[in-house]
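Some notes on the structure that comes next.
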Ligand SMILES: *Cc1c(COP(=O)(O)O)cnc(C)c1O
């Protein structure tokens, strides 16, 4: 009997000896999108760690170390711990909202941009009682309005707020929100996905009940992992809630990681190796050190942009170090910038929502250098549409 598994005459593939065709590295691009970031070579090299079974003690040791390092970066004390999830930042935000809000509770979502709105939508996806306060994109939160909303509805047990609203580059006053929430006996859920590791924030010091973050923004790891940091007693409490989600139930992950000391599901093992290395670098540099490094890049970038006649969305006191939202000058579109800049080696990022038409975004996260930023500004000045405008004296 002959069973033909391939067309007769087709050669069997030989063993793979060199890099596979798709794996040949393209030239380095300067990524100015807010994650995934340009990685430190030591973090990239860590990805190629040994194949590892996640139910062996070697993985437990790696997971324990990553959890502990994350908790330290988040300013957690001895009562705090962190759970690592395989999934993007949204998975951590979603797991927190789905798990923390009790059946008789609800969510007050503070919305001054895309990610604040996302937290409101997550609550809707789970059918939670919810209320949204919209402040407008790029507008600061109004603390008095938050207090009034909490007083008006005692069933709103949780307040959700984004630390760095990446859609605008705005830094929100987390400690101020947490103080109000505590005064009224409510808990705060903070999306710190694009700030933790580079902006001044501490779960203990600032009274944050739940912090969601991810590996591949200010912590400069690889994409694929996110985390939630909270008090052990808070995780233990939600372990008793009837789960709304199976794979994003923090109670399940707490029982697995804290009690059974093994992940609930198959984790992204290579991303764990990279995150461990990235966290070591982050702890060595320190949050303040990283803030200063990103801040120097952002200042160079912002001064250069203004010198070329670009207007920045936010006034200086509201700006995060990691992202700058920039107005498009009249007569210049995002596509006119994106193509030539990418050809020159720089990836810029579109704006979202109401800013999509007339703005774009530039991140200063990751292993970027001052040469990268000055190279970017040179390339921007040479983009035909920008150069033409400069020649015409720039209708500033
Ligand atoms: C990037 C980001 C997220 C999550 O994005 P993912 O694509 O799911 O990793 C959530 N919140 C903020 C503020 C972000 O910047």
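Could you check how many residues of region 348-359 are surrounded by 14 or more Cβ atoms within 10 Å (Cβ to Cβ) and either over 18 Å from the mean Cα position of the chain (by Cα) or outside the structural domain of residue 384 (by TED's automatic domain parsing) (or both)?
4
Just to be sure I understand the filter: pairs with C-beta atoms under 7 Å, separated by 6 or more residues or on different chains, first member in region 161-178 and over 17 Å from residue 197 (Cα atoms), second member assigned to a helix (DSSP H, G or I) and near the ligand (Cβ under 7 Å from one of its atoms). Which pairs pass?
167/115
Could you check residue 88 against (1) crowded, with 19+ Cβ neighbours inside 10 Å; (2) over 22 Å from residue 320 (Cα atoms); (3) in contact with a strand residue (DSSP E or B) (Cβ under 9 Å, 6 or more places away or on another chain) and say which number it fails?
(2)
Restricting to region 79-131, name every residue that is at negative phi, in a loop (DSSP other than H, G, I, E, B), more than 9 Å from the ligand (Cβ to nearest atom) and out of contact with any helix residue (DSSP H, G or I) (no Cβ under 9 Å at 6 or more places or on another chain).
Within region 79-131, 103, 104, 105, 112 qualify.
Tell me which residues, restricted to region 161-173, are more than 10 Å from the ligand (Cβ to nearest atom) and either in the same structural domain as residue 350 (by TED's automatic domain parsing) or outside any loop (DSSP other than H, G, I, E, B) (or both).
161, 170, 171
Report the residue count in region 69-78 for those that are assigned to a loop (DSSP other than H, G, I, E, B) and away from the ligand (no atom under 16 Å from the Cβ).
4
From the set of residues in region 330-347 that are farther than 30 Å from residue 274 by Cα and in contact with a helix residue (DSSP H, G or I) (Cβ under 6 Å, 6 or more places away or on another chain), which is surrounded by the most Cβ atoms within 10 Å (Cβ to Cβ)?
Residue satisfying both the conditions and the ranking: 332.
If residue 33 satisfies all but one of (1) at pLDDT 95 or above; (2) under 30 Å from residue 263 (Cα atoms), what's the number of the condition it fails?
(2)
Residue-by-condition table, conditions (1) within 16 Å of the ligand (Cβ to nearest atom); (2) buried (at least 16 other Cβ atoms within 10 Å of the Cβ); (3) not in a loop (DSSP other than H, G, I, E, B); (4) not assigned by TED's automatic domain parsing to the domain that holds residue 61:
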{"site": "219", "(1), (2), (3), (4)": "yes, yes, no, no"}
{"site": "228", "(1), (2), (3), (4)": "yes, yes, yes, no"}
{"site": "236", "(1), (2), (3), (4)": "no, no, yes, no"}
{"site": "246", "(1), (2), (3), (4)": "no, no, no, no"}
{"site": "252", "(1), (2), (3), (4)": "no, yes, yes, no"}
{"site": "266", "(1), (2), (3), (4)": "no, no, no, no"}
{"site": "271", "(1), (2), (3), (4)": "yes, yes, yes, no"}
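What number of residues in region 188-210 are in a strand (DSSP E or B), more than 13 Å from the ligand (Cβ to nearest atom) and in contact (Cβ under 8 Å) with a residue 40 or more places away in the chain?
Qualifying residue count, region 188-210: 1.
Quick check: is even one residue across region 374-392 closer than 18 Å to residue 164 by Cβ and out of contact with any strand residue (DSSP E or B) (no Cβ under 6 Å at 6 or more places or on another chain)?
no
Can you tell which of 185, 213, 240, 176 is assigned to a loop (DSSP other than H, G, I, E, B), at pLDDT 95 or above and either within 16 Å of the ligand (Cβ to nearest atom) or surrounded by fewer than 24 Cβ atoms within 10 Å (Cβ to Cβ) (or both)?
Answer to the selection: 185.
Considering every residue within region 137-160, establish whether at least one is touching a helix residue (DSSP H, G or I) at 6+ places or on another chain (Cβ under 8 Å), at pLDDT 95 or above, in a loop (DSSP other than H, G, I, E, B) and crowded, with 24+ Cβ neighbours inside 10 Å.
The answer is no; no qualifying residue exists.
Of (1) in contact with a helix residue (DSSP H, G or I) (Cβ under 7 Å, 6 or more places away or on another chain); (2) within 14 Å of residue 373 (Cβ to Cβ); (3) surrounded by fewer than 22 Cβ atoms within 10 Å (Cβ to Cβ), residue 307 satisfies all except one. Which?
Unmet for residue 307, out of (1) in contact with a helix residue (DSSP H, G or I) (Cβ under 7 Å, 6 or more places away or on another chain); (2) within 14 Å of residue 373 (Cβ to Cβ); (3) surrounded by fewer than 22 Cβ atoms within 10 Å (Cβ to Cβ): (1).
The values are calculated or read from the model by the stated rules, or taken from the named source; none is laboratory data. It should be emphasised that the depicted structure is a prediction, and the values quoted were computed from it without experimental measurement. All Cβ positions, even for glycine, are placed from backbone atoms using ideal geometry, and neighbour counts span all protein chains on display.
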